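Undergrad: I have a structure here, written as structure tokens, and I will follow up with some questions on it.
Nothing in this text is a laboratory measurement; each read-out follows from the coordinates by a stated rule. Because the structure is a prediction, the values reported are computed rather than measured. We place every Cβ from the backbone using ideal geometry, glycine too, and count neighbours over all the protein chains shown.
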Amino acid sequence: MKELDDLEEELKALQPKDPTPAFTARVEDALGDSGSVSFRRISSDSPKRSRSKLYFLIPPALALAASLVWMLSFLPKQTGSLDTSPEPVERSSPVAEVMEDLDSPLHGVSLEELETYSGMPTEGWADPQVRELLLDRVDEGLIQRPGFSPGRQVRFHYLDETHWMHPASNTRIISTTPRQEVIILDLDLY
Amino acid sequence: METEPIWKSWFARHGAKLLLFARQQARNPHDAEDLVQEAFVRIWRLYGHTGEVAPGLVYRAVRRLAIDWARSLDRRKIREQKVVAEFPLFESFKSSIEQNERQKAILAAVDRLPPEQKEVLTLKIWGELTFDEIGRTLDLSLNTVASRYRYALQKLRDWIPVQLEDQPKTREESVE
């Protein structure tokens, strides 16, 4: 029996050739969406992905928009209570003069005004860091599609996180947006 | 932390073994790759959402597809054309210069085995399946699987020279 055990060991020592990268790529293509229904986490030292430099304008703009609303609604009342002189005719005009600043993300508000009212800088933001977190994957079972083969419906819940940073003022803003994706895997029953 | 599709690590673990098994079913590397791709994609679409797939399911699908394809007239024609060029088992394995001749001798002996013994041996040795899993993959009883495996090993012991040459040989023929 020992000689058969030795033979087994010798056979096990022989390793079949790995699939070629071209073949693996072919399988990946054939899998399509079904290749992405399950993931495992792997450690990585690579930097987070960066999407677009334009994102840096969004959080300051949101903050400044809130400030502006506050100023427009609250400050006139305050000053109005102190000012007892008759209101000039020009101020009651329904047509407001709007100065357009093409660099500003907010219509009718210049970058300078944004910076002044919000107390946050509009320049010097680092590129935003974006990452996608897979929160959950729900297999919703088989679905019947008239005229097509049955499919398996899988719903993914993601959280898209965007981090903005202003190094000079050490300001950080994190924005999170929930997102869902639904894919239907074609099933070839076998 | 980043993520990677599970199928990739699964395929890295089992892809080579599946191809080896498929090559025995298809008798040429091109058909073997088609078989593995088709079988793997079908099974992964059905069970990939679970995050893990039992290799036996894919081996079983490979075998059933091979049977289906062999029955197909078109496939048979293609096979008849391709079978002219033989693909020895040795070409499906990694080789090193030192072990080349020894490996060739062993794999040539494996190649000589009857197909039904060779597929059991392949699933057991390189597929790392249990006898029970092999039985379910090949639709055979446990006893049949075990006996085919034993006969295969005994034949190899007799056919492969060198280290086993000084041992007494008890050659048994397959009774299946």
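Undergrad: How shielded is A:148-157 by partner chains, expressed as the average number of their Cβ atoms within 10 Å of its Cβ atoms?
TA: 1
Undergrad: By the scheme Lys and Arg +1, Asp and Glu -1, what is the net charge of all other residues having a beta-carbon under 15 Å from that of A:Gln153?
TA: -1
Undergrad: Order of B:117-123, A:140-146 by packing, highest average Cβ count within 10 Å first?
TA: Averaged packing, sorted descending, gives the order B:117-123, A:140-146.
Undergrad: Too long at a 19 Å Cα-Cα cut-off: which of A:Lys12/B:Lys17; B:Lys8/B:Lys118; A:Lys2/B:Lys17?
TA: Cα-Cα > 19 Å for B:Lys8/B:Lys118; A:Lys2/B:Lys17; rest within.
Undergrad: Take peptide B:37-50, look around each residue's Cβ out to 10 angstrom, count Cβ atoms belonging to other protein chains, and average those counts.
TA: Counting Cβ atoms of other protein chains within 10 Å of each residue's Cβ and averaging gives 6.
Undergrad: A further question on this structure: Could you work out the local net charge near B:Thr122, counting Lys and Arg as +1, Asp and Glu as -1, over the other residues with Cβ closer than 10 Å to its Cβ?
TA: That works out to +3.
Undergrad: Can you give the average number of partner chain beta-carbon atoms within 10 Å of each beta-carbon in peptide B:8-16, as a whole number?
TA: Going residue by residue through B:8-16 and averaging, the value is 4.
Undergrad: In a shell of Cβ-Cβ distance under 10 Å around A:Thr20, excluding A:Thr20 itself, what net charge do Lys and Arg (+1) and Asp and Glu (-1) give?
TA: 0
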